[in-house]
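The values are calculated or read from the model by the stated rules, or taken from the named source; none is laboratory data. Remember, predicted model here, so these are calculated numbers, not experimental data. Every residue, glycine among them, receives a Cβ derived from its backbone with ideal geometry; neighbour counts consider all protein chains shown. Quick note on the areas: whole protein, heavy atoms, side chains included, nothing else; ligands and nucleic acids left out. Shrake-Rupley method; radii C 1.70, N 1.55, O 1.52, S 1.80 Å.
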Amino acid sequence: MKKIDVSILGCTGTVGQRLIEMVYNHPWFNIVSIAASERSASKKYKEAAVNWHLPMDIPEEIRDMTVVNTDPRETGARLVFSALPSDIAKEVEKNFAEVGCVVASNASAYRMEKDVPLVIPEVNPDHLQLIEVQRENRGWDGYIVTDPNCTTIGLAMVLKPIYDRFGLDTVYVSTMQAISGAGLPGVPGLLITDNIIPYIKDEEKKVMTENLKILGKIKDGEVKFADFKIAVSCNRVPVIDGHTETVFIKTKEPVDVEEAKKVLSEFEGEPQRLNLPSAPKKPVIVRNEEDRPQPRLDRMAGTVPGMSVTVGRVRQGFDENHLLLTLISHNTIRGAAGAVVLNAELLYAKKLL
Ligand SMILES: NC(=O)c1ccc[n+]([C@@H]2O[C@H](COP(=O)([O-])OP(=O)(O)OC[C@H]3O[C@@H](n4cnc5c(N)ncnc54)[C@H](OP(=O)(O)O)[C@@H]3O)[C@@H](O)[C@H]2O)c1
């Protein structure tokens, strides 16, 4: 097949680098331009990406590409992966969608807008129906599809099969989030080494509202939010990659631990049925050891490294309506770069590109 041209906005950042890693060799997509701020524009990528932080070298194909401005006249591709800071994304992503580009975005700028799909392909692919509503409302030739916050993604993928089988009443979550989640240059070493910071700006609200939107149902052209209660406490910990979440769930129906493990481990969705290139065979991996999951051991789990969520310590709470578990997901792969790539693969498979 002829590959589809793509552009990466925010190419020098934590997520932008992961996007380059995931897309430069992609079977369907071909990077034709890379864009970042005025600080980087006109420089060769190898000079602009001074904080390249991945273990692999910058791919040969990308090293000498010239970084351009985040302007559709300079980027040239119809499909755009955005890894821009949210305040910048608000204006820039609109500029791209207006002129007919499809924007697969990591940024939070449009996630909660009524006519913008917030999609995890295994969980709510039907929310892509909002694309038509969005184009009609806004008169755009293109459109924006967003992926959730990196903490939301792992949680929603685990809540979905539990919600469908047992119903959800209340969910309490406490997170231990990696420092790469803060982007570059990130949290100063002096503040995070030997420490835990019990606050991440705006994060708790994002995790609460995004989960209710993603697990909601589309009715009359909009999302009716899921009706369970959710409370979240977010913490930054000295781990490089991989967000850990301990989750306390009150279900509507009585929940058997073995059956919960079974529904989690058998969970799959459209990406698996369509055999999308970035879809792991098992979106949720259940481990039975008493000391798993752990970020160093489990963040790259699965057939597509970093795209599966690993769950462990699944056990009963106070009574048969309470389930406890711990999950880990890779925040810059499943939680960011891999999420937009999988969204774009789904758009392509559904002939929406
Ligand atoms: N890190 C994660 O785990 C994660 C997970 C999920 C979602 N996200 C979201 O993904 C987005 C990117 O996050 P990140 O962690 O990669 O951030 P980051 O490391 O700070 O990178 C930001 C990128 O945006 C570019 N940029 C900054 N200001 C710009 C401007 N005025 N115009 C054009 N480009 C500009 C930067 O280019 P320069 O190098 O030229 O400044 C850089 O390429 C954010 O919206 C974030 O909330 C991040």
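Quick one: how many residues across the range 114-134 are more than 27 Å from LYS282 (Cα to Cα) and acidic (Asp, Glu)?
Qualifying residue count, the range 114-134: 2.
For the range 31-50, name all the residues that are more than 8 Å from the ligand (Cβ to nearest atom) and either closer than 26 Å to LYS3 by Cα or surrounded by 12 or more Cβ atoms within 10 Å (Cβ to Cβ) (or both).
Of everything in the range 31-50, those that are more than 8 Å from the ligand (Cβ to nearest atom) and either closer than 26 Å to LYS3 by Cα or surrounded by 12 or more Cβ atoms within 10 Å (Cβ to Cβ) (or both) turn out to be ILE31, VAL32, SER33, ILE34, SER42, LYS43, LYS44, TYR45, LYS46, GLU47.
Anything in the range 315-336 that is open to solvent by less than 10 Å² (accessible area, probe 1.4 Å) and either assigned to a helix (DSSP H, G or I) or closer than 14 Å to LEU168 by Cα (or both)? List them, or say none.
LEU323, ILE333, ARG334, GLY335, ALA336, listed by residue number.
Taking the condition basic (Lys, Arg) and either under 27 Å from ALA279 (Cα atoms) or open to solvent by less than 20 Å² (accessible area, probe 1.4 Å) (or both), does ARG63 pass?
On the way: basic (Lys, Arg): yes; either under 27 Å from ALA279 (Cα atoms) or open to solvent by less than 20 Å² (accessible area, probe 1.4 Å) (or both): no.
No; evaluated as a whole, the condition is false for this residue.
Quick check, is LYS350 farther than 25 Å from THR146 by Cβ and surrounded by fewer than 20 Cβ atoms within 10 Å (Cβ to Cβ)? Give the steps one after another, and end with the answer.
On the way: farther than 25 Å from THR146 by Cβ: no; surrounded by fewer than 20 Cβ atoms within 10 Å (Cβ to Cβ): yes.
The answer is no for LYS350.
Among the listed residues ASN106, ASN137, identify the single one that is out of contact with any Cys (no Cβ under 8 Å at 6 or more places or on another chain) and within 14 Å of the ligand (Cβ to nearest atom). Break it down into steps so the answer makes sense when it comes.
Values: ASN137 fails: within 14 Å of the ligand (Cβ to nearest atom).
Result: ASN106 is the single residue among ASN106, ASN137 that is out of contact with any Cys (no Cβ under 8 Å at 6 or more places or on another chain) and within 14 Å of the ligand (Cβ to nearest atom).
Among the listed residues VAL102, VAL133, VAL123, which satisfies the condition of being touching a strand residue (DSSP E or B) at 6+ places or on another chain (Cβ under 6 Å) and among the β-branched types (Val, Ile, Thr)?
VAL102
Are any residues in the range 151-180 of a type in the set (S, T, N, Q) and open to solvent by 10 Å² or more (accessible area, probe 1.4 Å), and if so, which ones? Lay out the reasoning, then the answer.
Residues of the range 151-180 of a type in the set (S, T, N, Q): 151-152, 170, 174-175, 177, 180.
Of everything in the range 151-180, those that are of a type in the set (S, T, N, Q) and open to solvent by 10 Å² or more (accessible area, probe 1.4 Å) turn out to be THR170, SER174, SER180.
Hand me the list of strands (runs of 3 or more DSSP E) wholly inside the range 1-103 holding 2 or more residues that are without any contact (Cβ under 8 Å) to a residue 60 or more places away in the chain.
Hits in the range 1-103: 29-36.
Tally the residues that are more than 12 Å from the ligand (Cβ to nearest atom) and either in contact with a strand residue (DSSP E or B) (Cβ under 6 Å, 6 or more places away or on another chain) or of a type in the set (Phe, Trp, Tyr) (or both), restricting the search to the range 51-65.
2
Output the residues belonging to the range 1-16 that are polar (S, T, N, Q) and farther than 17 Å from THR75 by Cα.
THR14
Assess whether ILE197 counts as being touching a residue at least 24 places away in the same chain (Cβ under 8 Å), assigned by TED's automatic domain parsing to the domain that holds VAL286 and aliphatic (A, V, I, L, M). Lay out the reasoning, then the answer.
Working: touching a residue at least 24 places away in the same chain (Cβ under 8 Å): yes; assigned by TED's automatic domain parsing to the domain that holds VAL286: yes; aliphatic (A, V, I, L, M): yes.
Taking the combined requirement at face value, the residue satisfies it.
Just one of (1) open to solvent by 50 Å² or more (accessible area, probe 1.4 Å); (2) part of a helix (DSSP H, G or I) trips up GLU268, so point out which.
The single condition GLU268 does not satisfy is (2).
May I ask you to list the residues in the range 211-226 that are open to solvent by 80 Å² or more (accessible area, probe 1.4 Å) and part of a strand (DSSP E or B)?
LYS217, LYS219, LYS224
Can you tell me how many residues within the range 140-180 are in the same structural domain as LYS262 (by TED's automatic domain parsing), in a strand (DSSP E or B), more than 14 Å from the ligand (Cβ to nearest atom) and not aliphatic (A, V, I, L, M)?
So the answer is 4.
Mind counting the residues in the range 227-246 that are more than 17 Å from ASN149 (Cα to Cα) and surrounded by 20 or more Cβ atoms within 10 Å (Cβ to Cβ)?
1
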